[in-house]
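Working notes for the structure below.
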Amino acid sequence: MIIGLVGKPSSGKSTFFNAATLANVPVSPRPFTTIKPNTGTGYVRVKDAGPDLGVESNPRTGFVIGKTRYTPFTLMDVAGLVPGAHKGRGLGNQFLNDLNQAHALIHIVDFSGSMDEDGNFIGYGKHDPEKDILFLEEELNLWYFDVIKRNLEKMQRMRRAGKKSIEIIMEILSSFRVFEHMAESVVREYGEIEEWNEEKIKEIAKNLRIQTKPTVIAANKIDLPSAKENYENLKEKYKNIIPCSAEAELALRRASKAGMIEYAPGGSDFKIVGNLSVEQKEALEKIRESVLKPFGNTGVQQTLDYAVFGLLEYKAVFPVGEKLKDKEGRVLPDCFLLEKNATVYDLALMIHSDIAKGLLYGIDVRTKRKLAKDAVLKDGDVVELVSTAK
């Protein structure tokens, strides 16, 4: 699973990426600081299974703070998008090719309205952030439209040769991860391929974009002038907006890593534990007063969690061996993020194809109940896999 960070230049994407991953990619007010995509590890919050089972988890990947487990996934920061990207403007072609890898998107929007469409500073409140929201949707719609329109003649030839519309749609649009149920929906709503005209193709493009690139909007720079007012004006119209300060989150995570404060990503406050200068204390207090108190958090972790569990509806599952340990003695070493309809077999397949091949059944560790190979797993399940493979 890959979550893509998108947005126009200088919206704060690289700062958000650094905050989420504690990477150190370049950040600059200049447009197109990011040229090639940066890929790193982000984390989502999961209720740790350890306390329920009376053990202390020791993750192989990720980490635990209190009763919360931070589980890893791949986060990708791609080049800034400008209007006309679908025609190759800016870094458009590269951007769209990189974006194809993403299962869901986080759209970083400068809610202070201080940047023009190309990412140049023009002053706070001078630009309407809704324009950025709409332009991204339109660019992606046009991208899908261009691909379908360009391949329409080929698709119609395949139809005349006797191939089913559903199969053709899945084949031609496979790079967009258009699955069978999506293709069936398109045919049901818009008819067979030979019935499509330009208006229908525009609607199909938008329909498929919404399904294959679900998006959450990070209302970034929420602590800057004009940002809160813009957020209040748009939050009812766009239900998937989360107020956010990537810069504040990055400062808190770096201070935590340096041992200056105790801070859990996504938390509502922090505790000073190190020897800080007056300037450092003032900077942290400013974050508390301008971000944490009015909004409850910086919004970065909340955005990541929503992308994975809200948009994609993934679930967290803990696979375990006997006595909840692996060969190295780690307790509850793994936590996997699985699609919402994932089964016991799917879990086995994620671990190793041999385990899946020899899978007999699973055991729900909490209830000791046997689980069939095709049993759909629930969020938070702790499962022992019984297989002929060792």
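Points to keep in mind about this one:
- Residues of the chain: accessible area per residue with a 1.4 Å probe, Å²: 48 Å²
- Distance in nm between pseudo-label sites at LYS200 and GLU180 (7 Å out along the Cβ direction from Cα): 2.3 nm
- Between GLN211 and THR68, the FRET efficiency from the beta-carbon distance, with R0 = 25 Å, is close to 0.20.
- Using R0 = 51 Å, the C-beta based FRET efficiency linking ALA258 and ASP374 works out to 0.55.
- Residue-level accessible surface for LYS200, protein heavy atoms, 1.4 Å, Å²: 60 Å²
- Heavy-atom accessible area order for VAL273, VAL64, VAL6, largest first, 1.4 Å probe: VAL273, VAL64, VAL6
- Note on surface exposure: THR74, THR298 rank THR74, THR298 by accessible area, highest first, 1.4 Å probe.
- Net charge dipole, the stretch 278-390: roughly 460 debye, given to the nearest 20, about the Cα centre with Cβ charges of +1 for Lys and Arg and -1 for Asp and Glu.
- Which of SER277, SER268 is most accessible, then next, and so on - probe 1.4 Å: SER268, SER277
- Taking only the Cα atoms of the stretch 203-355, the radius of gyration and Dmax are 20.4, 59 Å.
- When +1 charges are put on Lys and Arg Cβ atoms and -1 charges on Asp and Glu Cβ atoms, the dipole computed for the chain relative to its Cα centre reaches about 860 debye.
- Principal axis extents of the C-alpha atoms in the stretch 144-274 (largest first, rounded to whole Å): 72, 32, 22.
- FRET E, pair ALA389, ARG366, Förster distance 35 Å, beta-carbon r, rounded to 0.05: 0.90
- Projected-area mean, the chain, by convex hull of Cα positions, square nanometres: 22.3 nm²
- Exceeding the 24 Å Cα-Cα cut-off - candidates LYS13/LYS257; LYS13/LYS67; LYS323/LYS390; LYS325/LYS390: LYS13/LYS67
- Pairs from LYS228/LYS340; LYS47/LYS373; LYS200/LYS378; LYS149/LYS235 whose Cα-Cα separation, in the structure shown, is over 31 Å: LYS228/LYS340; LYS200/LYS378; LYS149/LYS235
- Extension gain from GLU192 to LEU276, taking 0.36 nm per residue of separation minus the Cα-Cα distance: 23.5 nm
- Extent along principal axes [Cα atoms of the stretch 281-360; Å; largest to smallest]: 58, 32, 16
The values are calculated or read from the model by the stated rules, or taken from the named source; none is laboratory data. Just so it is clear, the model here is predicted, and its values are computed rather than measured. Because the Cβ atoms are built from the backbone with ideal geometry, glycine has one as well, and the counts that use them run over all protein chains shown. Note: areas computed on protein heavy atoms with side chains; ligands, DNA, RNA excluded. Shrake-Rupley method; radii C 1.70, N 1.55, O 1.52, S 1.80 Å.
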